[in-house]
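The values are calculated or read from the model by the stated rules, or taken from the named source; none is laboratory data. Predicted, not measured: the structure shown is a model, and the values here were computed from it. Here the Cβ positions follow ideal geometry from the backbone for every residue, glycine too, while neighbour counts run over all protein chains shown.
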Amino acid sequence: MKNRARTFVKLLIGSVLGLAVVAVVFFLWFSRNPTTQLIDASGKELTAGGTREGEGGAYGGSLLDQAEALITSKEFVAAKEKLLQVIEQSDRDGEACILLCDVSRELKEVEAAVDYGLKAVTLLPDSAEAHLAYAKALGAKIFSEMQNIGGMFSAMGQLGFIKEELKRVIELNPDDTEARTMLVFTNMAPWPMGNIERAIELSGEIEARDPVLGKQLRAACYQRMKETERAIELLLASIEEYPKENSFHVSLADIYAEEKRFDVADTEYEAARRAAKDEPYYRSLYAQARMRLQNEYEPERAIQLLDEFIAAEPEGDNIQSVAHACWRKGNALEQLGRTQDARAAYEDSLRREPGFKMAEKALEDLKE
């Protein structure tokens with residue numbers, strides 16, 4: 001969710017009136033209620049299921065346990081096969097659809113993820129887990145479609161669905177922080193899709209449950225409002241209050257980088273790497289390299305930072321993928337004029353994440 005803001009491509013349409021008409025048509029088209037069929041591949045009707053005991057339940061439970069173990073070990077293809085067996089051979093369809101939604105999202109099968117998510121919330125309307133899985137799938141779909149104009153209009157329509165699903169999660173689980181965090185970022189979108197005051201309010205709700213996360217989100221909201229000094233002041237106070245929480249150093253460094261205060265940004269990025277090689281450590285590596293590449297200076301240093309990141313292959317909800325790091329390395333190599341090495345880095349990015357659009361575009365640009 002974090003450092004995940006994307007810039008909309010400006011539409012060059014003949015007139016303001018023409019743009020408005022097109023926007024309305026696309027918005028109405030893409031904001032239609034989604035539908036799904038509650039049947040499996042063989043045409044059998046899906047059922048929500050009860051407990052893991054009873055007819056079909058014990059077997060279904062055993063298969064679900066096996067699938068969850070495979071998910072934990074990140075064997076997503078095998079997990080998907082196991083979950084399809086659950087649907088075919090037991091009555092645990094609702095739970096299986098939740099997990100299939102998550103697994104399909106991990107496999108970049110976003111359309112399947114959305115369909116399984118919708119099946120899950122239809123079968124289990126009172127499951128916070130189902131609504132959260134569906135919201136994440138819709139978010140992944142939006143991210144995948146943002147590369148074209150039609151996808152941007154689709155995002156406008158689907159954002160409302162995501163918000164409704166996230167609100168439902170909070171209704172069902174008042175102590176939730178994950179859905180609230182996603183709502184913070186959706187409300188940081190430009191008006192009328194977002195509402196920055198609501199984002200700040202949600203950050204306060206999160207802070208009451210998770211002070212570190214809540215303060216970071218509140219600082220992000222201040223930065224979104226262009227209240228940079230207020231954001232910096234909050235993060236500096238948080239570093240003093242939580243000296244072992246290195247994620248505050250990364251958040252502060254990101255702001256300094258945005259303000260082009262590169263020396264102090266470097267100090268904060270490196271401060272995040274004084275302890276264990278945890279999530280803030282790898283976030284700082286990637287972000288420190290990105291700062292150099294976006295501002296076109298010290299590409300050699302960027303490569304050093306990215307090489308450490310790529311070699312470690314870190315994973316986490318707030319860590320960029322290794323495929324992104326390989327793409328960034330390709331950018332650095334291009335800045336150095338090392339075209340062949342850049343091509344190899346982009347190909348490595350696509351090997352790790354087939355269909356990664358930025359790497360595909362970079363390879364196409366090298367052909368010109």
Query raised in the report: Taking segment 223-246, which residues are under 27 Å from the mean Cα position of the chain (by Cα) and part of a helix (DSSP H, G or I)?
Result: Q223, R224, T228, R230, A231, I232, L234, L235, L236, S238, I239
Requested in this report: Assess whether K82 counts as being closer than 28 Å to E315 by Cα, assigned to a loop (DSSP other than H, G, I, E, B) and not assigned by TED's automatic domain parsing to the domain that holds M358.
Outcome: no
Query raised in the report: When you scan segment 273-368 for helices (runs of 4 or more DSSP H) that lie fully inside it, which ones turn up with 1 or more residues that are of a type in the set (S, T, Y)?
Result: 279-294, 339-352
Requested in this report: Could you grab me the full set of residues in segment 177-193 that are among the polar types (S, T, N, Q) and closer than 10 Å to I206 by Cβ?
Outcome: T177, T181
**Report entry** Pair list, Cβ < 7 Å and 6+ apart or interchain, from segment 175-190 residues that are assigned to a helix (DSSP H, G or I) to residues that are of a type in the set (S, T, N, Q)
**Finding:** V184/S203; N187/N195
Query - In segment 205-229, residue surrounded by the fewest Cβ atoms within 10 Å (Cβ to Cβ) [restricted to those that are basic (K, R) and closer than 18 Å to P190 by Cβ] - result: K226
Report task. Give just the number: which of (1) surrounded by fewer than 15 Cβ atoms within 10 Å (Cβ to Cβ); (2) in a helix (DSSP H, G or I) does K260 not satisfy? Result -> (2)
